[in-house]
Amino acid sequence: MNVEVLAVGTELLLGQIVNGNAADLGGRLAAAGLDHYRQGVVGDNIVRITAAITEAVGRADALIITGGIGPTQDDLTREAICAAAGVPMDFAADYADHLRRWWQARGREMPATNLRQAEHPRGAELIPNAKGTAPGLRLRVGECWVFALPGVPQEMLPMVDEHVIPFLLGQAGVEGGVLVSQMLRTWGESESRIAEIVGDLYDTNTNPTLAFLASGGEIKLRVTARAATPAAAADLIAPVEAEIRRRLGRLVFATGADTIERIVLRLCAERGWTLATAESATGGLVSAALTSVPGSSEVVRGGIVAYHPELKTGLLGVDPAILDGFGLVSAETALAMAAGARRALGADVAVAVTGSAGPDALEQPVGTMVIAVETPEGSRARVSRSPGDRERVRVYTTTAALHLLRLGLTGEWWSR
């Protein structure tokens with residue numbers, strides 16, 4: 001099944017809002033094993049939106065539209081779908097009643113413009129929106145399924161996960177069996193090196209297929225098979241997965257949705273250890289990643305962002321002689337920060353980051369970052385040099401910090 005994505009909103013074209021929905025949808029479609037060849041962006045203009053929909057439905061099996069289904073006059077996606085499909089607009093009186101109850105329950109008077117959200121192209125099925133007032137839409141236009149969803153990610157993504165992806169997978173199954181994907185997560189080698197190691201599997205396999213996905217310093221390998229049943233697809237995937245694991249060894253750290261944050265928290269919980277962070281250059285990104293996982297409070301004691309040297313000595317207890325003798329960007333300072341975080345926050349384990357993220361160099365060339373991990377079983381620091389701009393350096397270093405923490409928790413780092 002070939003799925004296209006169309007984002008509606010002049011603010012996207014002007015750069016006022018970053019189109020993060022494109023990346024989120026791309027990742028979800030890839031993880032589901034659905035073919036995804038095109039993404040587009042169009043402004044709030046009825047003629048141009050209609051033309052973009054008409055073009056897409058002529059070549060795709062499914063089109064996901066985000067944005068333009070709100071209550072204001074510039075929300076034109078519903079009208080454009082009507083024009084592209086050649087159907088009139090209907091009004092759902094029962095949904096209008098739902099809207100009135102929604103506003104009444106919050107003690108507020110509903111603006112009359114919100115009734116636009118009860119309008120829909122004739123023949124469209126409304127998709128429930130558990131996070132907001134704008135329902136999604138699903139309509140068959142020619143040979144293409146068209147979905148219209150809110151542009152707000154917090155509303156759109158649950159609708160994709162609960163309604164759109166399952167429906168599309170069901171349609172793909174009707175067309176020719178089922179699609180099953182297995183995601184292998186790796187860390188420690190570049191995408192190009194991973195491709196060298198398993199590239200022949202990409203070249204020679206047509207079912208299952210192999211794809212490489214790079215994000216935030218990790219390389220994911222997606223193995224996707226089509227078969228009559230999920231079990232048959234799993235049988236096709238198994239030997240390819242086994243060969244990838246044989247070649248990559250411990251570079252493969254997880255499968256599916258088992259992220260590095262979850263793994264670190266699980267390893268700590270299994271040992272009965274608590275965790276603390278001490279960060280300078282990453283400014284709290286490591287702590288934010290860990291605490292984004294529900295239930296992380298069972299393990300994470302807290303984090304200290306000690307950006308200024310005085311806070312490294314004052315909050316973390318780093319000996320000024322270490323800063324004077326080795327510098328802010330050094331293994332010695334990172335190790336002292338980790339030890340200080342354990343002590344100050346009463347944790348069993350700590351990870352610390354310091355470095356020169358740029359754009360101006362701090363003692364060391366831009367991209368020089370130092371990560372230290374201390375557990376009851378040992379401590380160690382690594383100096384790395386990450387390419388790219390400031391944000392890429394910080395993101396890649398955050399990923400590396402979590403993985404070095406994983407290796408420290410398993411003891412693998414101490415044995416190397």
Checked SER297, SER287 against criteria (of a type in the set (Gly, Ala, Ser), more than 15 Å from GLU332 (Cβ to Cβ) and loosely packed, with under 15 Cβ neighbours inside 10 Å); the one match is SER297
Would you confirm whether any residue within the stretch 365-384 is within 24 Å of the chain's Cα centre (by Cα), farther than 25 Å from LEU267 by Cα, among the hydroxyl-bearing types (Ser, Thr, Tyr) and buried (at least 16 other Cβ atoms within 10 Å of the Cβ)? no
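Quick check: anything in the stretch 3-20 without any contact (Cβ under 8 Å) to a residue 24 or more places away in the chain and over 22 Å from the mean Cα position of the chain (by Cα)?
Scanning the stretch 3-20 turns up at least one residue that is without any contact (Cβ under 8 Å) to a residue 24 or more places away in the chain and over 22 Å from the mean Cα position of the chain (by Cα).
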ALA269 meets each of (1) within 16 Å of the chain's Cα centre (by Cα); (2) in contact (Cβ under 8 Å) with a residue 24 or more places away in the chain with one exception, condition (1)
If we keep only residues of the stretch 94-123 that are part of a helix (DSSP H, G or I), of a type in the set (Gly, Ala, Ser) and under 35 Å from the mean Cα position of the chain (by Cα), then the residue farthest from GLU143 (Cα to Cα) is ALA105
Residue count, the stretch 297-327, condition among the small types (Gly, Ala, Ser) and closer than 15 Å to ASP348 by Cα, comes to 3
Over the stretch 167-198, the set of residues free of Cβ contacts under 8 Å to residues at least 60 places away in the same chain, part of a helix (DSSP H, G or I) and either more than 20 Å from the chain's Cα centre (by Cα) or surrounded by fewer than 12 Cβ atoms within 10 Å (Cβ to Cβ) (or both) is PHE167, GLY170, GLY173, VAL174, GLY176, SER192, ARG193, ILE194, ALA195, GLU196, ILE197, VAL198
Counting only strands (runs of 3 or more DSSP E) entirely within the stretch 1-93, those with at least 1 residues that are of a type in the set (Phe, Trp, Tyr) are 35-42, 89-91
By residue number, the members of the stretch 23-32 that are at pLDDT 90 or above and in contact with a helix residue (DSSP H, G or I) (Cβ under 9 Å, 6 or more places away or on another chain) are ASP24, LEU25
Scanning the stretch 310-354 for residues that are in contact with a strand residue (DSSP E or B) (Cβ under 7 Å, 6 or more places away or on another chain) and on the phi > 0 side of the Ramachandran plot gives GLY346
Here the qualifying pairs (Cβ atoms under 8 Å; residues six or more apart or on different chains; first in the stretch 108-123 and under 10 Å from ALA96 (Cβ atoms); second β-branched (Val, Ile, Thr) and surrounded by 18 or more Cβ atoms within 10 Å (Cβ to Cβ)) come out as ASN114/THR133; GLN117/ILE69; GLN117/THR133
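Scan the stretch 383-406 and give yes if some residue there is assigned by TED's automatic domain parsing to the domain that holds TYR307, touching a Leu at 6+ places or on another chain (Cβ under 9 Å) and farther than 17 Å from GLU218 by Cα, otherwise no.
no
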Of the listed residues (GLY9, GLY68, GLY26, GLY43), the one being under 28 Å from LEU179 (Cβ atoms) and not acidic (Asp, Glu) is GLY26
Conditions (1) assigned to a strand (DSSP E or B); (2) at pLDDT below 95 -> PHE147 fails only (2)
Inside the stretch 320-338, the number of residues satisfying the requirement of being assigned to a loop (DSSP other than H, G, I, E, B) and not aliphatic (A, V, I, L, M) is 2
**Item:** GLY256 touching a Lys or Arg at 6+ places or on another chain (Cβ under 9 Å) and at positive phi
**Value:** yes
Filter the stretch 199-242 for residues that are in contact (Cβ under 8 Å) with a residue 40 or more places away in the chain and touching an Asp or Glu at 6+ places or on another chain (Cβ under 8 Å); the one that is surrounded by the most Cβ atoms within 10 Å (Cβ to Cβ) is VAL223
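So that you can scan it fast, the table gives a plain yes or no per residue for (1) crowded, with 16+ Cβ neighbours inside 10 Å; (2) among the hydroxyl-bearing types (Ser, Thr, Tyr); (3) out of contact with any His (no Cβ under 9 Å at 6 or more places or on another chain):
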| residue | (1), (2), (3) |
| --- | --- |
| GLY26 | no, no, no |
| TYR37 | no, yes, yes |
| ASP74 | no, no, yes |
| PHE91 | no, no, no |
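The values are calculated or read from the model by the stated rules, or taken from the named source; none is laboratory data. Keep in mind that what you see is a predicted model, and the values were worked out from it rather than measured. Neighbour counts run over all protein chains shown; Cβ positions are idealised from the backbone, glycine included.
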